[in-house]
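Presented below is the structure to which this report refers.
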């Protein structure tokens, strides 16, 4: 091996080392960027889910309040929102014991409730029943929600309505 060959081999070795270093820097930069992107997306989705859950719980509690006062489930958004806006005191009244929360604080999981009319026109979709003896169904219009919150609040409404049907005089 002569000097020209060893110089060429050394130059090739330098190029490989330089390529490997740039590749490592690029790879680490992309990995760090992907981590931060995922972290921010996850944080924002969780915050959005928390807001949706607050609204779900508020609407479910308001439906329980409506039913407690009227002895039927609401059948339209207009009647429901009008009743809640004209009877805000019914939202804070405790409920009878059962497989649903007995207080508004318990329903909200110790978080401040939200505006009901804004919730039902915004994030929360309510499938209103045709008659007051059926239960409304809450959905979230494609928004993120916490694990099991939709099922939990719909379960409250189903249990409440079932209990009211069983307790009704025949």
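The values are calculated or read from the model by the stated rules, or taken from the named source; none is laboratory data. These numbers come from a predicted model, not from an experiment. Virtual Cβ from ideal backbone geometry, glycine too; neighbours counted across all protein chains shown.
May I ask you to say which residue of 77, 89 is surrounded by fewer than 20 Cβ atoms within 10 Å (Cβ to Cβ) and under 27 Å from residue 49 (Cα atoms)?
On the way: 89 fails: under 27 Å from residue 49 (Cα atoms).
That would be 77, the only listed residue that is surrounded by fewer than 20 Cβ atoms within 10 Å (Cβ to Cβ) and under 27 Å from residue 49 (Cα atoms).
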(Q) Of the conditions (1) surrounded by fewer than 16 Cβ atoms within 10 Å (Cβ to Cβ); (2) closer than 23 Å to residue 165 by Cβ, residue 62 satisfies every one except a single condition; which number is it? (A) (1)
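Does residue 152 qualify as being under 15 Å from the mean Cα position of the chain (by Cα) and free of Cβ contacts under 8 Å to residues at least 12 places away in the same chain?
On the way: under 15 Å from the mean Cα position of the chain (by Cα): yes; free of Cβ contacts under 8 Å to residues at least 12 places away in the same chain: yes.
So residue 152 fits the description; yes.
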Q. How many of the residues making up segment 106-136 are more than 19 Å from residue 49 (Cβ to Cβ), surrounded by 14 or more Cβ atoms within 10 Å (Cβ to Cβ) and without any contact (Cβ under 8 Å) to a residue 60 or more places away in the chain?
A. 5
Q.
Of everything in segment 138-152, what is surrounded by 12 or more Cβ atoms within 10 Å (Cβ to Cβ) and assigned to a loop (DSSP other than H, G, I, E, B)? Give them in sequence order.
A. 140, 143, 144, 145, 146
Q. Quick one: in segment 92-101, which of the residues that are free of Cβ contacts under 8 Å to residues at least 60 places away in the same chain and farther than 16 Å from residue 69 by Cβ is surrounded by the fewest Cβ atoms within 10 Å (Cβ to Cβ)?
A. 97
(Q) I'd like the full set of residues that are modelled with pLDDT under 90 and surrounded by fewer than 17 Cβ atoms within 10 Å (Cβ to Cβ), limited to segment 158-169. (A) 162, 163, 165, 166, 167, 168, 169
Q) For segment 125-137, how many residues are more than 14 Å from the chain's Cα centre (by Cα) and in a strand (DSSP E or B)? A) 3
**Q.** Where residue 155 falls short, out of the listed (1) in contact with a helix residue (DSSP H, G or I) (Cβ under 9 Å, 6 or more places away or on another chain); (2) surrounded by 14 or more Cβ atoms within 10 Å (Cβ to Cβ); (3) modelled with pLDDT of 85 or more; (4) outside any loop (DSSP other than H, G, I, E, B)
**A.** (1)
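Within segment 59-124, which helices (runs of 4 or more DSSP H) (wholly inside it) include 1 or more residues that are modelled with pLDDT of 85 or more, out of contact with any helix residue (DSSP H, G or I) (no Cβ under 9 Å at 6 or more places or on another chain) and more than 21 Å from residue 139 (Cβ to Cβ)?
Numbers: elements: 77-86, 104-107, 116-121.
The helices (runs of 4 or more DSSP H) meeting that bar are 77-86, 104-107.
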